[in-house]
Each structure stands twice: as structure tokens, then as C-alpha cells.
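Reading through the C-alpha cells given below for one structure.
The values are calculated or read from the model by the stated rules, or taken from the named source; none is laboratory data. It should be emphasised that the depicted structure is a prediction, and the values quoted were computed from it without experimental measurement. Quick reminder, even Gly has a Cβ in these numbers, built from the backbone with ideal geometry, and neighbours come from all protein chains shown.
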Amino acid sequence: MELIGGYREVTCRQGRTVISAASAGTPLFRSDMSVEETDTYLVLDERRAYRPPDEHQVRILTSAFHANPSQPGSILPAGSDPPQVQAVIYDFDQAAISRPEWLQAAWGNIFSMAGREDFRKISSPLLGTKIPDLSVAEGTRRISAL
């Protein structure tokens, strides 16, 4: 992977695919696919707005008890135009809520999808920096290690 330096964003090239990863608040270019980061229970899903519950609390807690978490390192479909995926890189049930191997697995899955779909440009936040568990410098080091 070739790393192209920049001030507010990191651009990487792997084969014909270019990924631009930036810190929060940095606008990204128009891309063939965009990536968001989330956790195993989708608590960090920014598209979910709070709404007052329409079910009884016991029913809500019962549903939560039986919820199946997503696998760390996996990607989930999240929308279209452009296609969007959520990279599952946080697990709040673990002592270390994010691990390098989960980031690497997520990036691997993202690049696999990009290759299958012939996506050339991917935009993403700098995965792992949404929760201050990982510095931008460390996030940059991890993406360049792919």
C-alpha cells in the first residue's frame, strides 16, 4: 500500500483503489463508497436519532438481552448513493474497546468489497479515532501498515 501524506487527511492507494481517510469535520471528496465506524451493537450509528420509546421498558430490555452483536472487524451495509458501509471496530463488552486486528480486518473487508464492486475511490473517517482511544497519528500508522 502506498501512503500519500497530507495535513488533515491520509490518502492510501492499494492497486487501483484510492482511500481517503480524514479526521472528524474534514470534508471528503466524492467517492464510489463511503465508510463509517460503529460498534458491535450499533450504538454509535449516527443515523439513529433519539425517539421516545413506543414499547414498555421490559419489552425493550428483553429485546436488548436477546440482541446479537456484530462481529468486530466486519462491515455492514449502511446505505446507498454512494454505497455506504459501517466498519465494526468497537466492542464495548471488551476491556480494550478497539483492537488493531479489528481495524485490519475491517480494512481488509472494505478493500475486498471495493475490489469485487470495482470501486476506485473510498472515503472514510480515520477509523479508530471516533472514541479517544486512538490518536490520529496511531490511526494513520495503522492504515499505512495494511
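For this structure, a couple of remarks:
- Identity of the residue in the stretch 79-123, of a type in the set (Ser, Thr, Tyr) and in contact (Cβ under 8 Å) with a residue 40 or more places away in the chain, that ends up farthest from Leu42 (Cα to Cα): Ser123
- For the stretch 71-108, filtered to residues that are of a type in the set (S, T, N, Q) and within 20 Å of Phe119 (Cα to Cα), the residue that is surrounded by the fewest Cβ atoms within 10 Å (Cβ to Cβ) is Ser80.
- Those residues of the stretch 70-94 which are in contact with an Asp or Glu (Cβ under 7 Å, 6 or more places away or on another chain) and acidic (Asp, Glu), in sequence order: Asp91
- Positions within the stretch 12-31 being modelled with pLDDT under 70 and surrounded by fewer than 11 Cβ atoms within 10 Å (Cβ to Cβ), in sequence order: Ala24, Gly25, Pro27
- Residues located in the stretch 49-78, provided they are in contact (Cβ under 8 Å) with a residue 24 or more places away in the chain and of a type outside the set (S, T, N, Q): Ala67, Pro69, Pro72, Gly73, Ile75, Leu76, Ala78
- Within the stretch 95-138, if we keep just the residues that are among the aliphatic types (A, V, I, L, M) and part of a loop (DSSP other than H, G, I, E, B), the residue that is modelled with the lowest pLDDT turns out to be Leu134.
- Taken over the stretch 32-61, the criterion of being surrounded by 12 or more Cβ atoms within 10 Å (Cβ to Cβ), on the phi < 0 side of the Ramachandran plot and modelled with pLDDT of 85 or more is satisfied by Asp32, Met33, Ser34, Val35, Glu36, Glu37, Thr38, Asp39, Thr40, Tyr41.
- Tally of residues being outside any strand (DSSP E or B) and either touching a helix residue (DSSP H, G or I) at 6+ places or on another chain (Cβ under 7 Å) or among the aliphatic types (A, V, I, L, M) (or both) across the stretch 59-78: 7
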